[in-house]
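Quick notes on the structure that follows.
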Amino acid sequence: MEPLTSERIRLRRWRDEDRAPFAAMNADPRVMEFFSGTLSRAESDALVDRIEASHCERSFGLWAIEVAGGAAFVGFTGLSVPRFAAPFTPCVEIGWRLAVEHWGKGYATEAARLALAHGFGTVGLEEIVAFTAAGNLRSRAVMERLGMQRDPADDFDHPSLPSGHRLRRHVLYRLKSRGR
Ligand SMILES: CC(C)(COP(=O)(O)OP(=O)(O)OC[C@H]1O[C@@H](n2cnc3c(N)ncnc32)[C@H](O)[C@@H]1OP(=O)(O)O)[C@@H](O)C(=O)NCCC(=O)NCCS
């Protein structure tokens, strides 16, 4: 697949040079505040391997984000298929993770718009969802900027997290294809 591009953003397949800055992000507690914990270099590399393997199975995935005329790697955004079962699965999810120094510039939203256009256009999806721990207000703000809609009736407890875990309660946002 050709990279997806906007004025400032290029979404592309991953390169080996992305692994070190990605591991640095995944070791940063600020980036991982709403996940179970930070990742080691080996865990981060294994995630890149899984991301790249899934690109070979489908016509979408999580793309590395490059800034035109700027940083070669600022994080990722893209589409994936959650592996857990919930009332809204099977589904295609959009997600994002950026290094802290690239927050507050609109890159996540701009990159996500490219991923949504690919999902609804080229892939022909009818709906794309996003979910996050209820307290992840920065991520929820991206969902809202994208025009995604939350119905509190869709809120759910993430099945991978134990009862009582601080991040267990999740919110779900949905976006339907305009063509449907
Ligand atoms: C979630 C995350 C990607 C959001 O990043 P973000 O930088 O807040 O979001 P955007 O890239 O859309 O940027 C929006 C901000 O950039 C500002 N901005 C500055 N220049 C801008 C421009 N040219 N265009 C658009 N927005 C711009 C906006 O005003 C907004 O600022 P605000 O946060 O003060 O309201 C980031 O916090 C992150 O990586 N978190 C850790 C990982 C994570 O939790 N992922 C989600 C798991 S579900």
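Observations, loosely collected:
- Using 0.36 nm per residue and subtracting the Cα-Cα separation, the extra length available between Ser36 and Gln149 on full extension is 38.1 nm.
- Hydrodynamic radius by Kirkwood, which averages 1/r over all alpha carbon pairs of the range 85-180, in angstrom: 14.2
- Stokes-Einstein D in µm²/s, Kirkwood radius over Cα pairs - the chain at 4 °C with 1.567 mPa s viscosity: 77
- Thr38 - accessible surface, heavy atoms, 1.4 Å probe, Å² rounded to 10: 70
- Extension gain (nm, one decimal) between Ala134 and Ser54, 0.36 nm per residue minus Cα-Cα: 26.1 nm
- Among Val31, Ser80, Gly106 the positive-end extreme of the charge dipole of the chain (Cβ point charges): Gly106
- Shown here for the range 74-139: GluC sites (Glu not before Pro) in loop regions (DSSP other than H, G, I, E, B) with at most 14 other Cβ atoms within 10 Å, namely Glu126.
- Note on Arg166 and Glu2: with the Förster distance fixed at 41 Å, the Cβ-Cβ geometry gives a FRET efficiency of about 0.50.
- A straight chain from Glu43 to Val81 at 0.36 nm per residue would run longer than the Cα-Cα distance by 11.7 nm.
- The chain, helix-only ellipticity at 222 nm - DSSP H runs n ≥ 4, -39,500 (n - 2.57), divided by all residues, nearest 500: -7500 deg cm²/dmol
- Taking the protein heavy atoms of the range 5-82 in the context of the full set of protein chains, the accessible area attributed to carbon and sulfur is 52 percent at 1.4 Å.
The values are calculated or read from the model by the stated rules, or taken from the named source; none is laboratory data. Note that the structure is predicted; figures quoted are calculated from it, not measured. Because the Cβ atoms are built from the backbone with ideal geometry, glycine has one as well, and the counts that use them run over all protein chains shown. Calculation scope for accessible area: heavy atoms of the full protein, side chains included, ligands and nucleic acids excluded. Shrake-Rupley method; radii C 1.70, N 1.55, O 1.52, S 1.80 Å.
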